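The structure under discussion appears below in the form of structure tokens.
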Amino acid sequence: MDSALLIPIASVILGAIIAAVFFRSYFCKRRSEVQTISHPELPSDPKKHQKPSQIKKYHSKPHSHSSDKDQNKKHHPLDLNTLKGHGDYVTGLCFSPDGSSLATACGDGVIRVFKLDDASSKSFKFLRINLPAGGHPTAVAFGDNATSIIVSSQGLSGSSLYMYGEEKPKASDETKQQAKLPLPEIKWENHKVHDKKSVLTLVGATASYGSADGSTIVASCSEGTDIRLWHAKTGKLLGDVDTNQLKNTMATLSPNGRFIAAAAFTADVKVWEVVYSKDGSVKEVLRVMQLKGHKSAVTWLCFTPNSEQIITASKDGSMRIWNINVRYHLDEDPKTLKVFPIPSHDSNGATLHYDRLNISPDGKILATTHGSTLQWLCVETGKVLDTAERAHDGDITWISWAPKPIPSGDKNVLVLATASVDKKVKLWAAPSLS
């Protein structure tokens with residue numbers, strides 16, 4: 001055979017041998033892998049083969065218990081109690097005129113009325129009121145008594161007002177009914193009260209000024225520019241005003257039902273007087289004065305308990321106390337009694353504005369909020385009495401003082417209630433003034 005042919009033939013034979021060895025090794029390895037998958041080796045001690053993450057889970061309870069202890073230590077000393085059970089963010093709350101009940105409005109479509117027999121109690125009885133389908137409550141106010149509740153609701157067709165009152169028990173069941181919470185029923189309802197605009201604030205007051213008949217009136221403030229005044233018992237529209245300030249922030253009534261004041265888009269606060277007829281009914285609502293002095297928009301305001309002063313907070317970093325007990329019909333202007341710097345600052349030292357203001361029934365303590373921070377100030381000096389930096393796990397949506405001290409353990413205390421997007425309502429004791 002020609003030697004020239006031997007070299008290619010030998011190369012082919014050698015390549016075939018190498019290929020055979022390679023493929024034999026490959027298939028043996030694959031067979032071994034398949035057998036391993038089909039018949040895995042059982043561990044002799046399962047604990048040795050546990051994943052680290054599974055072991056950590058067994059230590060989570062002692063760890064969380066220690067965290068709970070740390071968290072409990074951080075509870076603010078003025079924190080009295082938490083009202084749980086709300087299914088969504090809490091949009092508003094209000095104490096009854098006698099302080100015995102607290103009504104809350106919740107995004108889950110339910111109004112809850114808690115009986116406050118003891119603010120420190122471990123559990124509270126409450127009355128559940130389901131709003132008509134299609135609307136969610138935005139604010140709540142009490143009417144003439146603890147069994148009369150006005151609710152604002154927002155739906156696709158606009159805002160509505162409902163008044164729930166106690167259903168009169170039958171004579172035979174009267175004794176049994178006294179032991180239970182009153183059953184609610186709709187006494188009146190008004191729809192599209194601010195067209196399609198939502199109600200921002202809903203505030204009630206007892207009309208006790210001048211010739212007023214002592215009935216409760218309610219002011220609803222829309223996100224537009226209109227404010228409307230209602231008779232709490234009948235639902236009758238008593239009057240309406242327009243702030244003409246682009247859009248409203250809030251509005252409130254003086255405790256005696258004489259004045260309406262509104263904070264809107266500008267630095268000025270407009271004030272209207274509710275004029276009563278000789279028979280005690282509302283005759284008209286007249287604009288009577290304007291509070292000028294702030295350099296930037298007023299974020300919130302409140303009347304003092306005697307209805308003669310207004311406290312305002314502004315984005316200009318200041319608070320003012322105004323005297324509105326003036327002869328405005330003789331062109332006497334309201335006077336600024338005091339100006340305080342807002343004592344709340346961020347990490348960079350910039351002044352924070354207040355979202356809410358509410359004054360205690362004795363007129364001595366001003367409760368304020370910014371986001372989830374709650375702060376108490378002395379009305380006389382403007383100094384900080386106490387601060388709860390994370391009063392809630394989310395922004396505070398509403399604050400309100402009980403109209404008088406309520407039982408808490410073995411004593412009566414002034415109580416502030418706060419609502420939040422964290423689905424909770426908290427009760428707080430008033431700080432010491434000393």
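Numbers for the structure displayed
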item	result
In the range 291-314, the residues that are buried (at least 19 other Cβ atoms within 10 Å of the Cβ), touching a Pro at 6+ places or on another chain (Cβ under 7 Å) and assigned to a loop (DSSP other than H, G, I, E, B)	SER307
Search result, residues across the range 115-148 that are buried (at least 21 other Cβ atoms within 10 Å of the Cβ) and outside any loop (DSSP other than H, G, I, E, B)	ILE129, PRO137, THR138, ALA139, VAL140, ALA141, PHE142
Qualifying positions in the range 227-236 - out of contact with any His (no Cβ under 8 Å at 6 or more places or on another chain) and either part of a strand (DSSP E or B) or among the hydrophobic types (A, V, I, L, M, F, W, C) (or both)	ILE227, LEU229, TRP230, HIS231, ALA232
Residue selected from the range 375-419 under the condition in contact (Cβ under 8 Å) with a residue 12 or more places away in the chain and charged (D, E, K, R), by the criterion least open to solvent (accessible area, probe 1.4 Å)	ASP386
Residue in the range 184-204 that is modelled with pLDDT under 90 and buried (at least 19 other Cβ atoms within 10 Å of the Cβ) present	yes
Residue list for the range 139-153, restricted to those being modelled with pLDDT under 95 and not small (Gly, Ala, Ser)	ASP144, ASN145, THR147
Complete set of residues in the range 270-290 that are touching a strand residue (DSSP E or B) at 6+ places or on another chain (Cβ under 9 Å), farther than 13 Å from ASN323 by Cα and open to solvent by less than 40 Å² (accessible area, probe 1.4 Å)	LYS270, TRP272, GLU273, VAL274, VAL275, TYR276, SER277, VAL282, VAL285, VAL288
Count - residues of the range 319-358 that are touching a His at 6+ places or on another chain (Cβ under 9 Å), assigned to a strand (DSSP E or B) and crowded, with 19+ Cβ neighbours inside 10 Å	2
Pick from the range 96-114, criterion closer than 18 Å to THR397 by Cα and out of contact with any Leu (no Cβ under 9 Å at 6 or more places or on another chain), ranking: least open to solvent (accessible area, probe 1.4 Å)	CYS106
Identity of the residue in the range 248-276, modelled with pLDDT of 95 or more and part of a loop (DSSP other than H, G, I, E, B), that ends up nearest to PRO97 (Cα to Cα)	PRO255
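Table: residues versus (1) of a type outside the set (A, V, I, L, M); (2) in contact with a helix residue (DSSP H, G or I) (Cβ under 6 Å, 6 or more places away or on another chain); (3) touching a residue at least 40 places away in the same chain (Cβ under 8 Å); (4) over 25 Å from SER215 (Cβ atoms).
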| position | (1), (2), (3), (4) |
| --- | --- |
| ASP316 | yes, no, yes, yes |
| ILE321 | no, no, yes, yes |
| ARG327 | yes, no, no, yes |
| THR336 | yes, no, yes, yes |
| LEU357 | no, no, yes, yes |
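The values are calculated or read from the model by the stated rules, or taken from the named source; none is laboratory data. Note that the coordinates shown come from a computational prediction; the quantities given were computed from them, not determined experimentally. Cβ atoms come from the backbone with ideal geometry, glycine included; neighbour counts cover every protein chain shown. Side chains are part of the model used for accessible areas, which takes the heavy atoms of the whole protein and leaves out ligands, DNA and RNA. Shrake-Rupley method; radii C 1.70, N 1.55, O 1.52, S 1.80 Å.
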